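One structure follows; several queries about it will come next.
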Protein chains: 4
Amino acid sequence: MENVLVKIYKVPKLKDPILIEGLPGVGNVGKLAAEYLLSNLNGVKFAEIYSKFFPPQVLINEDGTLYLVKNELYYVKTKGKNDLVFLVGDYQGLSNEGQFELSYKVLEVVKSLHVKTIFTLGGFGTGQLTDEPRVFGAATNKDLVEAMKKYNVVFSGGEPSNGIVGAAGLLLGLGMNFFNMEGVCLMGETSGYFTDPKGAKAVLNVLVKILNLKIDFTELETKIKALNELTTKMQEEIDQKIKKEDLGYIG
Amino acid sequence: MENVLVKIYKVPKLKDPILIEGLPGVGNVGKLAAEYLLSNLNGVKFAEIYSKFFPPQVLINEDGTLYLVKNELYYVKTKGKNDLVFLVGDYQGLSNEGQFELSYKVLEVVKSLHVKTIFTLGGFGTGQLTDEPRVFGAATNKDLVEAMKKYNVVFSGGEPSNGIVGAAGLLLGLGMNFFNMEGVCLMGETSGYFTDPKGAKAVLNVLVKILNLKIDFTELETKIKALNELTTKMQEEIDQKIKKEDLGYIG
Amino acid sequence: MENVLVKIYKVPKLKDPILIEGLPGVGNVGKLAAEYLLSNLNGVKFAEIYSKFFPPQVLINEDGTLYLVKNELYYVKTKGKNDLVFLVGDYQGLSNEGQFELSYKVLEVVKSLHVKTIFTLGGFGTGQLTDEPRVFGAATNKDLVEAMKKYNVVFSGGEPSNGIVGAAGLLLGLGMNFFNMEGVCLMGETSGYFTDPKGAKAVLNVLVKILNLKIDFTELETKIKALNELTTKMQEEIDQKIKKEDLGYIG
Amino acid sequence: MENVLVKIYKVPKLKDPILIEGLPGVGNVGKLAAEYLLSNLNGVKFAEIYSKFFPPQVLINEDGTLYLVKNELYYVKTKGKNDLVFLVGDYQGLSNEGQFELSYKVLEVVKSLHVKTIFTLGGFGTGQLTDEPRVFGAATNKDLVEAMKKYNVVFSGGEPSNGIVGAAGLLLGLGMNFFNMEGVCLMGETSGYFTDPKGAKAVLNVLVKILNLKIDFTELETKIKALNELTTKMQEEIDQKIKKEDLGYIG
């Protein structure tokens, strides 16, 4: 069995396409952002990626059918300068070698579609809740760093200090060294404790400006509102409990 | 050394064969069911599968001879429409990659025998003892889901929620994507705490109806009776102990 | 880099050679026995085996020189029917796959020397000290089991129940299936807590009778005596301590 | 994707070059020593080494640009008999197999530059602070051991007893067996608790004498002084605290 198996349904003809990656990771910020954007833009699936580096597992749909864990490639034709290619999926590679093999294979496929620029989306875990998550960045060259600063992307002196782990880092690192590509990693600030729509919205806000796209944020905002209510309620319960304990202590 | 080594003694000529898989897993339900059926139908071994993905180990027979850990393929010629091929064995692959490699190789072999349909057998671990274990299912397509419902197979909205791990999942997932096969995973409800003949019988009851086979359940029922007596006795001892402690407390 | 690299200094011409394996393992019984026999028979090294499946490590000699961890092959020309080939070394393969790859490669090499029979030496860990360690066996066929019983080798109904792990098992398991070889694993009873010369002597006692060899046991007996004195002294100290504590308690 | 990818910018023409290795390890002694020497001698980078055996990670520079984790090769042209090649980098291979693959590939590259001699630099962890760290050695042959003793390199009867793990060992072990190279590992005594400039200076002191190089130690001595002040201050605080506790106890 080959390490990575790519089933391409149809090779799309795309205009200077840009790759957008959003796989599971810190706070699932990248996955949430990419899948939301993809759904808003009505992306078309054109390839599935299977690999022995994913968990040896099938997942089960609501209707009782099963599917092998996978990554997927979609394309979106836009009215602007650049069409889009999306990489989304159930898992990242489980082993270190697997991470490299998968990113390398994805780059081979998107190279054949003439992708020259990559945006990888992820979370920047701070361990703290925040109302206005910032978007941190790292880029393959100085010009892109400067270009991103105009969109309020924060470049924070070597932060994150442990670098960027996984596909969001490797696609850029391998892309710049072996595929003549350039790109940016956009990381939404997030506690990292749960799937975080706020971090995803922060990232998307930046990305749609960069790419000059128009999308409907309603559904994402509904998720944020629900999450806010949940965290507010939890906070109130905690406050209530503390108050009671204080009274008990005084009494 | 090749990753997976298949020793084929003889390539059987089979009539529209169906693959039945039962390897070690949750409650050993799949292994028990497949081996019981195989023994009842007097299956004939035609291939052995060795692999560096199994533990580096030989096992020892009662008579002092040893054998390398392996999987095995058997065939059964039936009077019905479909002959049968069985996959049974000592172990599943130890690593993630090994799981993929082994399932892929098995599919290559059974493809050459013109297998188009697969039943994989396993356990659905609930952590609780049950008198009437249900049989849960997942299938490669909607038609098979509907067909299975007629046999009281339960399709329970995305359950098991972590999918199906190992050969029982991969054979179906790889089979549908790369070998043009379809199939069903039948999972007998089981506590998962021990090798469970009740779960195995539940699975077999369904499977023999689907395949229109007749088998003798006597031996399996003897095992179930022995297990029932054991668990009843254990329960009584626990009850007794609780009663004594209660009296002691009252006294 | 190849998985396993074999440096053959010289291909010896051997008369119906038998392979004897003794690598590190339970109580180092096999290693001790094989290396003692090899040294007694003045074996000649003819090949070194290096592999990425060994630890990434060099070891240092007393004189300050270093060497890469390795296995080694030696030969011994005898006056009897069979010359001997020895497999000894610093380590076994670290990973499961590595164990298979290494044993498979060794078998390829010794097959080219026309080896047809293998004796693998190891320890049978019981967790208990014993004065007269027995020698347990497992063999590739029933005839060898019977032949070994004449030398008081114990075949104990499927014991060891977890089989034989590592090179001592794999050389036999792979040898019988893929190299048309037969053989026996001889396991000296041992506590398994330390390198055990008693277990090694028990194994050698049997092996030299089978192979009709004459060796000098003096050095091995010196080691056993030293170990006996050590364990006796430790036991006395423990007894003394218990006695004192008893007195203290009484006082 | 290949296991190890070497990007060679330019193949330098070198005069009997010697390889000097200093990768992360115990006390980062080797890394610190090699990078300090390299910087002092104004080495020129001529190759980058990427591998799936490194962590799947990009690191981020102060200016917001990112780079894939890597090793690097530099050369230095000297006025003496031997030009120099340096191997430095962010990480060693993560897995055992990766360690072997990386060292083997480096040896293939430097063999093509006609390297015949290797110095690998590392730390010898003792768990204790020391004012005058010694330099321990191990070499590929007896002549080199004797030659090194003249430079006060300590060869201490099989020490370190667990050998030398990682690239510092493998480059020598693989080099002597498969590339006809010889060499020495120089290990600076170090506590191993932190990046240790003292150990690095001890190693460099020896190395520059062997290679007849002149370098400026000022910057390294500044680091040592800073570290000394830090450890002195920490010691004083501990002493102070102990004194206070003593008084408290007396009072």
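Charges at C-beta only: +1 for Lys and Arg, -1 for Asp and Glu. How large is the resulting dipole of the protein assembly as shown about its Cα centre, in Debye rounded to 20? Please list the in-between numbers first.
Numbers: 112 positive and 120 negative charges, 643 e Å.
For the protein assembly as shown, the charge dipole is close to 3080 debye.
Please arrange B:Glu189, D:Glu182 by accessible surface area, largest first, computed with a 1.4 Å probe and ligands excluded. Don't skip to the end; give the middle numbers.
Working: B:Glu189 20, D:Glu182 70 Å².
Listed by decreasing accessible area, they come as D:Glu182, B:Glu189.
Provide the per-residue ³J(HN,Hα) series for the stretch B:12-25, in order, calculated from phi with Karplus coefficients 6.51, -1.76, 1.60 and θ = phi - 60°, each as a whole number of Hz, with x at glycine and proline positions.
x, 8, 10, 8, 5, x, 10, 8, 10, 10, x, 10, x, x
Please list C:Ile49, B:Ile8 in order of solvent-accessible area, largest first, computed with a 1.4 Å probe with all protein chains present.
Most to least solvent-accessible, the answer reads B:Ile8, C:Ile49.
Just tell me, in residue order, which DSSP H segments of chain A are both 30 angstrom or longer along the helix axis (alpha-carbon based) and at least -1.0 in mean Kyte-Doolittle hydropathy.
Span-like helices, by this rule, are A:218-250.
How much net charge surrounds B:Ile215 when only the other residues with a Cβ under 13 Å from the Cβ of B:Ile215 are counted, with Lys and Arg +1 and Asp and Glu -1?
Net local charge, B:Ile215 excluded: -1.
Residues of the stretch D:45-61 losing 30 Å² or more of accessible area relative to the isolated chain, 1.4 Å probe, heavy atoms only?
For the stretch D:45-61, once contacts with the other chains are taken into account, D:Tyr50, D:Lys52, D:Pro56, D:Gln57, D:Val58, D:Ile60 lose 30 Å² or more.
Here's another thing I want to ask about it. In deg cm²/dmol, rounded to 500, what helix-only [θ] at 222 nm does the protein assembly as shown give when every DSSP H run of at least 4 residues adds -39500 (n - 2.57) and the total is split over its residues?
Roughly -13000 deg cm²/dmol at 222 nm, from the helical runs in the protein assembly as shown.
Pull up the DSSP beta bridges for the stretch B:92-207 and report the antiparallel fraction as a percent, rounded to 5.
Around 35 percent of the beta bridges assigned by DSSP in the stretch B:92-207 are antiparallel ones.
With the contact rule set at Cα under 8 Å and sequence spacing of 6 or more, what percent relative contact order holds for chain B?
23 percent
Which entries of C:Lys45/C:Lys223; A:Lys105/C:Lys105; C:Lys10/C:Lys214; C:Lys15/C:Lys45; C:Lys77/C:Lys225; C:Lys198/C:Lys244 show an alpha-carbon separation above 22 angstrom in the structure shown?
Working: C:Lys45/C:Lys223 25 Å; A:Lys105/C:Lys105 32 Å; C:Lys10/C:Lys214 27 Å; C:Lys15/C:Lys45 17 Å; C:Lys77/C:Lys225 31 Å; C:Lys198/C:Lys244 32 Å.
The pairs that break the limit, which is 22 Å between Cα atoms, are C:Lys45/C:Lys223; A:Lys105/C:Lys105; C:Lys10/C:Lys214; C:Lys77/C:Lys225; C:Lys198/C:Lys244.
Could I ask something else about it? At a probe size of 1.4 Å, how large is the accessible area of D:Met234, to the nearest 10 Å²?
We get 100 Å² for D:Met234.
Can you list the HN-Hα couplings for the stretch A:69-82, worked out from phi with the Karplus curve (6.51, -1.76, 1.60; θ = phi - 60°), rounded to whole Hz and with x for Gly and Pro?
4, 7, 10, 9, 10, 10, 10, 9, 8, 10, 8, x, 6, 10
I'd like the FRET efficiency for A:Lys45 and B:Asn141, computed as 1/(1 + (r/R0)^6) with the beta carbon distance as r and R0 of 22 Å, rounded to 0.05.
Computed FRET efficiency for A:Lys45 and B:Asn141 comes out at 0.75.
Buried accessible area between A and D (1.4 Å probe, both chains summed, ligands and nucleic acids excluded), in Å² to the nearest 100?
Approximately 2300 Å², summed over both chains.
Note down the net charge around D:Lys45, summing +1 for each Lys or Arg and -1 for each Asp or Glu among other residues with Cβ under 13 Å from its Cβ.
Numbers: positive: D:Lys7, D:Lys10, D:Lys70; negative: D:Glu35, D:Glu48, D:Glu72.
Result for the neighbourhood of D:Lys45: 0.
Measure out, as a whole number of angstrom, how far apart the alpha-carbon centroids of the stretch C:46-101 and the stretch A:129-200 sit.
Each part's Cα centre sits 49 Å from the other's.
Report, in debye and to the nearest 20, how large the dipole of the stretch A:70-157 comes out about its Cα centre when Lys and Arg carry +1 and Asp and Glu carry -1 on their Cβ. Write down the numbers at each step before the final one.
Numbers: 11 positive and 10 negative charges, 92 e Å.
Result for the stretch A:70-157 is approximately 440 debye, rounded to the nearest 20.
Residues of the stretch D:1-34 with accessible area at least 10 Å² lower in the all-protein-chain context than alone (1.4 Å probe)?
D:Met1, D:Leu5, D:Lys7
So, for the protein assembly as shown, what is the accessible surface per residue at a probe of 1.4 Å, expressed in square angstrom?
46 Å²
Work from the charge dipole of the stretch C:162-251 (Cβ charges, +1 for Lys and Arg, -1 for Asp and Glu, about the Cα centre) and give the residue of C:Phe194, C:Ala167, C:Leu211 farthest towards its positive end.
Comparing the listed Cα positions along the dipole, C:Leu211 ranks first.
Among the lysines, select those whose C-alpha is under 17 Å from the C-alpha of B:Lys149, and discard any that sit fewer than 8 residues away in the same chain.
Straight-line reach from B:Lys149, under 17 Å: B:Lys209.
Return the carbon/sulfur percentage of the accessible area of the protein assembly as shown, one whole number, probe 1.4 Å, all protein chains in place. Kindly include the intermediate steps, with their values, before the conclusion.
Numbers: 23130 of 46500 Å².
C and S atoms contribute 50 percent here.
Tell me, what is the 1.4 Å probe accessible area of C:Ser191, in Å² to the nearest 10?
Roughly 10 Å² of C:Ser191 is accessible to a 1.4 Å probe.
A follow-up question, please. Placing +1 on the Cβ of each Lys and Arg and -1 on the Cβ of each Asp and Glu in the stretch D:27-87, which of D:Gly43, D:Val85, D:Leu66 has its Cα farthest towards the positive end of the resulting dipole?
Result: D:Val85, furthest along the dipole toward the positive end.
May I pose another question? Quick check: with the 1.4 Å probe, what order do D:Lys201, A:Lys243, A:Lys223, A:Lys70 take by accessible area, largest first?
A:Lys243, A:Lys223, D:Lys201, A:Lys70
Can you give the charge dipole size of chain B about its Cα centre, rounded to the nearest 20 debye, using +1 on the beta carbon of Lys and Arg and -1 on the beta carbon of Asp and Glu?
Dipole size: approximately 900 debye.
At a threshold of 8 angstrom on Cα-Cα distance, excluding pairs fewer than six apart, so keeping six or more, what relative contact order does the stretch A:120-222 reach in percent?
Working: 144 pairs, mean separation 43.1, N = 103.
Averaging sequence separation for qualifying contacts and normalising by length gives 42 percent for the stretch A:120-222.
Quick one: how many Å² of D:Arg134 are accessible to a 1.4 Å probe, rounded to 10?
We get 120 Å² for D:Arg134.
Comparing the chain by itself with all protein chains present, which residues of the stretch C:90-117 are at least 40 Å² less accessible (probe 1.4 Å)?
Buried-area filter returns C:Asn96, C:Glu97, C:Phe100, C:Glu101, C:Tyr104.
The values are calculated or read from the model by the stated rules, or taken from the named source; none is laboratory data. Remember, predicted model here, so these are calculated numbers, not experimental data. Neighbour counts are summed over all protein chains in view; Cβ atoms, including those assigned to glycine, are modelled from backbone coordinates with ideal geometry. For accessibility, only protein heavy atoms count, side chains too; no ligands or nucleic acids. Shrake-Rupley method; radii C 1.70, N 1.55, O 1.52, S 1.80 Å.
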